[in-house]
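Each reported figure results from applying straightforward, stated rules to the coordinates on display, with no laboratory input. Keep in mind that this is a model prediction, so the values were computed, not measured. Cβ coordinates were reconstructed from backbone atoms using ideal geometry, including for glycine residues, and neighbour counts include every protein chain displayed.
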Amino acid sequence: MIEVSNLVKRYGDHTAVDHLSFQIEKGKIYGFLGPNGAGKSTTMNMITGYIASTEGTVTIDGHDILEEPEKAKKCIGYLPEQPPLYFDMTVLEYMKFAADLKKIPKDKKKAMIEEVMDMVKITDMKNRLIKNLSKGYRQRVGLAQAILGYPEVIILDEPTVGLDPKQIIEIRDLIKSLKKKHTVILSSHILSEVSAVCDYVLIISHGKLVASDTPDNLGKLAAGSNNLNLLVKGEKSRIRQLLEEISGVKEISIEKKSDQEGWNVTVSTEENADIREEVFFKMAENHCPILEMQSQKISLEEIFLELTEDNKKDSSDTDNRIQTAEEAEAVIRESENMTEEADKHDSSL
Ligand SMILES: Nc1ncnc2c1ncn2[C@@H]1O[C@H](COP(=O)(O)OP(=O)(O)OP(=O)(O)O)[C@@H](O)[C@H]1O
């Protein structure tokens, strides 16, 4: 569907996107994840033909975005980070304007606009000036123009930034529903967002692709290892010796906490090595009873932070935006009370 090959964007000496290559298949939701300044918007702007690449190519359904821009762009609906809205138009006027730009046939225009407005729930606001809408409704209008014409691919740059919790949930549900008929690419710097919505995640740091996989597989991808934590009774040296005999074991640490029976054992294993059963039988056969066993998976969050750590340290663009799921949730909780106020304000206008 989309093929990005060795894409590079340089601004003077600064390389914003550095030899990116990936493929996008039909009918999935892809998440472009990376810290601020990683190069997400620049990449999206090149995919959609908003800006030209320094090197590399983007083809959409076989059409090169620079050589056959009209044909390629016909397949794409784009919601940039700043929605391209005209504040002095009403929602309906803007939708008609967007439909004309997209050359939607006259006989289909009215029905399609009504259908799309209904889909993103802005029908009640159709006669309201865009400048009088809340941020959430403006975002929906931006989304409506991206969906208009039902392009095969819908590209959304940070679609939930600045929205309140209720609006975030609604927009996420809407994005998920788009998957039935469209391929969706969205960018975000919030990990919980991509793992909640996307089938496939591309992690970008310093303009480079540092990992790409399903959220599940990325979650399993340990940065070298997974840990198994045990509480075991028996002789310390014997426990160590037995564990050393198991293949896949990388490191063993054995400590005793004064207030408890048995040894606290942490075994770090190679990626994808599941040694739990072997540990259980070996310890049982050798009369070293296991009192507790817990396998510690490395979270997607830890992987994301590790893969993009340098970017966070170096980035001159780092601002006060939310970086982690915890921060996002704290903000969400804080702003929960504001949701109803915003809704009341909208319906009183
Ligand atoms: N027009 C430009 N001129 C010079 N540098 C630019 C320009 N646009 C972007 N950059 C730089 O390119 C890098 C990537 O920016 P980009 O906006 O693509 O990042 P991003 O991952 O989308 O971040 P954010 O989430 O903050 O938007 C940044 O260092 C940015 O300062």
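Structure note, pairs K73/K181; K102/K176; K40/K126; K9/K74; K28/K208; K9/K131: Cα-Cα distances above 27 angstrom occur for K40/K126; K9/K131. Applying the criteria of a DSSP loop state and at most 14 other Cβ atoms within 10 Å to the trypsin sites (Lys or Arg not before Pro) of segment 92-169 yields K103, K121. Shown in residue order for segment 168-182 are the 3J(HN,Hα) couplings computed by the Karplus curve 6.51 cos²θ - 1.76 cosθ + 1.60 at θ = phi - 60°: 4, 4, 5, 5, 4, 4, 5, 4, 4, 5, 5, 4, 4, 10, 10 Hz (x for Gly and Pro).
Taking the Cα centre of segment 225-296 as origin and assigning +1 to Lys and Arg Cβ atoms and -1 to Asp and Glu Cβ atoms, the resulting dipole is close to 260 debye.
Of all lysines in the structure, those lying under 26 Å Cα to Cα from K250, and not within fewer than 8 positions of it along the same chain, are K220, K233, K236, K282, K297.
The residue list I254, I275, N227 was ranked by how far each Cα lies along the charge dipole of segment 225-296 toward its positive end, using unit charges on Cβ atoms, and I254 comes out on top.
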